[in-house]
Every structure is written in structure tokens, then in C-alpha cells.
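Here's the structure, in C-alpha cells; my notes come after.
The values are calculated or read from the model by the stated rules, or taken from the named source; none is laboratory data. This is a predicted model, so every value here is computed, not measured. Cβ placement follows ideal geometry from the backbone for every residue including glycine, while neighbour counts extend to all protein chains displayed. Just the protein is used for accessible areas: all its heavy atoms, side chains included, with ligands, DNA and RNA removed. Shrake-Rupley method; radii C 1.70, N 1.55, O 1.52, S 1.80 Å.
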Amino acid sequence: MSLIVAAASMLGLSTALSPMSGAHAAELRVLAGGSLRSLLTDLGPKFEQASGHKLVIHFDTTPNLIKAASSGEPFDVGVVPIDVFYDADAKAHFAPPVEFARVGYGVAVRSGAPKPDISTPAAFKKTLLDAKSITFLPASAAGSYILRLFERLGIEDEMRAKTVAQDQPTGIVPAVVNGDAELAVFVNSVLTAPGIDIVGPFPAKYQQELVFPAALAVDTKQKEAAKAFIDFIMSPAAAVVVKAKGMTPGKG
């Protein structure tokens, strides 16, 4: 991204909330998918600076986000994998969502390592079988899709034997950087990180996008501030950051 584009993006993010400068400062409790950590760690402070509000973001896996939303503990807004909304109890705690972003799946190796061929379904399957080890997060919405794909390919036993499983997305990149795993297989928002190189996306036949809706909590006491946060991350300036993280902005 050029300095001019970056400066324009920052200006857009900082001015989007300028009418709120005199508004009451709120503390917003946010539930967020772990795959969004890098993105919201970037956007969050910009929102805080522009709005005066404070964010307390809880990043977690889909099963734990379902538990958190259903627990009765207060929260104000969620930016979570769409799979959270498939749980009726969790869904009942959210207002109707908007699509914030979506992201596809890819394969990555340690920076500078040779990039294997994943350009066709056959090459993709061979690369997975030839890899000495792979890493991803099985207990997540993304991991669930990857496990189903291994079953579809008929290689679930082979992949299980060579999987270095993570319990949070933050472990995936270090596992490849440190040499604990040869390949990372996950959503591109996690793989777009220093220390690893994305080989490419899954072949079109096996590609799928993970959708992240954003929604207010139905019982939030900070409705205006929570709505301002969603408006902020849905803004055109924020979309520049979303794209830089390997994701596609939603349509709202």
C-alpha cells in the first residue's frame, strides 16, 4: 500500500466518527472470531481514537463463542463466524446481522521455502499427502470445513497422523515459522502474516468462503456506541484494511 493510500485510509477512518467527538464514552465488550485478531487489532485502536469509546475484545473459536454468547454474560457486539448463528440459542442473543467480511482458504509455507503445487485438485491432494506435517485449528468453523474436505478427498487418516493441531489461530503461523509444521492450511486472514508465504488458494473445486457477520447484542446497554463500531468497520476506509488482511469486505 502506498503512503498516499495509507494516509487517505487513515484520514477516512479518523474522520468517519468525527461527529461523535462529544458523545459519552462507552466500554464495548466485543465477541470476535479468532481469525479476525490481526484485523481487529489494527482497526480497534483506530475506532477508539476516533470515537473515544473503549473496546474489550474477546477473540475465540466458534464453539467457545457460542458458549460465550449463550452464557448470559453481557456483551455488546459480535463479529463472529456465521457458524455461531447456526446455533439457535446463540443466535437468539444477537440482533439481525450484516455481512462484515468473508475469507477463503489457502496453504502457506515458511518464508523462502519452496512452494508446492496446489494449482489443480490432483496437485493439491498430492501436496497434502506428501507434506511431512500440517497445522491448522480443528476446533473452529474453518477447521471443521478443512476436516470435511479431508474426508471428501479420502485422506482423513493420513492427515490426522501428520496434523499439528492448534487450539487458537495464533498458534498456526509460529508453528510453520519454527519448523514444527511444513504447511499451514487455514483461512487467508490468518495466513497473511510475517514469516510465512501463502502458496495460493485452495483449488476452485474445493474453495469455500467463511463469512463473518457483525451484529449488536439484543440486550446491549450501549446500542449507539455498538452501532457506531459496526458502522466503522463497515466503512470504505476500513475496507482497505480488510482487503490488506486477505479478506473481502461485506456488502452490508
- Matching residues, the stretch 188-206, being closer than 16 Å to residue 138 by Cα and touching a Gly at 6+ places or on another chain (Cβ under 7 Å): 188, 191
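Within the stretch 200-215, how many residues are surrounded by fewer than 24 Cβ atoms within 10 Å (Cβ to Cβ) and in contact with a strand residue (DSSP E or B) (Cβ under 9 Å, 6 or more places away or on another chain)?
Of the residues in the stretch 200-215, 10 are surrounded by fewer than 24 Cβ atoms within 10 Å (Cβ to Cβ) and in contact with a strand residue (DSSP E or B) (Cβ under 9 Å, 6 or more places away or on another chain).
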- What residue, among those in the stretch 136-154 that are at pLDDT 95 or above and not in a helix (DSSP H, G or I), is farthest from residue 106 (Cα to Cα)? 154
- Restricting the stretch 1-53 to residues that are touching a Gly at 6+ places or on another chain (Cβ under 8 Å) and at pLDDT below 50, which is nearest to residue 222 (Cα to Cα)? 20
- Item | Near pairs, Cβ below 6 angstrom, 6+ apart or cross-chain, from the stretch 224-239 (in contact (Cβ under 8 Å) with a residue 60 or more places away in the chain and buried (at least 20 other Cβ atoms within 10 Å of the Cβ)) to any residue that is part of a loop (DSSP other than H, G, I, E, B) and among the β-branched types (Val, Ile, Thr) | 226/220
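Restricting to the stretch 66-122, and then to whatever is small (Gly, Ala, Ser) and in contact with an Asp or Glu (Cβ under 9 Å, 6 or more places away or on another chain), can you tell me which residue is surrounded by the fewest Cβ atoms within 10 Å (Cβ to Cβ)?
Keep residues of the stretch 66-122 that are small (Gly, Ala, Ser), which gives 68-72, 78, 88, 90, 92, 95, 101, 104, 106, 108, 111-113, 119, 122.
Within this subset, residues satisfying the condition of being in contact with an Asp or Glu (Cβ under 9 Å, 6 or more places away or on another chain) are 68-70, 104, 108, 111-113.
Working: 68: 20, 69: 24, 70: 16, 104: 16, 108: 26, 111: 12, 112: 8, 113: 15.
Here the residue is 112.
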- For the stretch 154-174, what are the residues that are open to solvent by less than 70 Å² (accessible area, probe 1.4 Å) and under 24 Å from the mean Cα position of the chain (by Cα)? 159, 163, 164, 165, 166, 168, 169, 171, 172, 173, 174
- Those residues of the stretch 133-151 which are open to solvent by 50 Å² or more (accessible area, probe 1.4 Å) and touching a residue at least 12 places away in the same chain (Cβ under 8 Å) amount to 139
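Looking at residue 56, is it free of Cβ contacts under 8 Å to residues at least 40 places away in the same chain, over 20 Å from residue 235 (Cα atoms), open to solvent by less than 60 Å² (accessible area, probe 1.4 Å) and outside any helix (DSSP H, G or I)?
Details: free of Cβ contacts under 8 Å to residues at least 40 places away in the same chain: yes; over 20 Å from residue 235 (Cα atoms): yes; open to solvent by less than 60 Å² (accessible area, probe 1.4 Å): yes; outside any helix (DSSP H, G or I): yes.
Judged against the criteria, residue 56 is a match.
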- Query: What's the number of the condition residue 157 fails, among (1) in contact (Cβ under 8 Å) with a residue 40 or more places away in the chain; (2) assigned to a helix (DSSP H, G or I)?
  - Reply: (1)
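Does residue 218 satisfy being open to solvent by 20 Å² or more (accessible area, probe 1.4 Å), at pLDDT 95 or above, more than 18 Å from residue 115 (Cβ to Cβ) and touching a helix residue (DSSP H, G or I) at 6+ places or on another chain (Cβ under 8 Å)? Don't jump to the end; show me each part of the working.
Values: open to solvent by 20 Å² or more (accessible area, probe 1.4 Å): yes; at pLDDT 95 or above: yes; more than 18 Å from residue 115 (Cβ to Cβ): yes; touching a helix residue (DSSP H, G or I) at 6+ places or on another chain (Cβ under 8 Å): no.
For residue 218, the condition - open to solvent by 20 Å² or more (accessible area, probe 1.4 Å), at pLDDT 95 or above, more than 18 Å from residue 115 (Cβ to Cβ) and touching a helix residue (DSSP H, G or I) at 6+ places or on another chain (Cβ under 8 Å) - is not met.
Listed residues 197, 130; which is modelled with pLDDT of 95 or more, among the charged types (D, E, K, R), within 21 Å of the chain's Cα centre (by Cα) and open to solvent by 20 Å² or more (accessible area, probe 1.4 Å)?
On the way: 130 fails: within 21 Å of the chain's Cα centre (by Cα).
When all the criteria are applied, what remains is 197.
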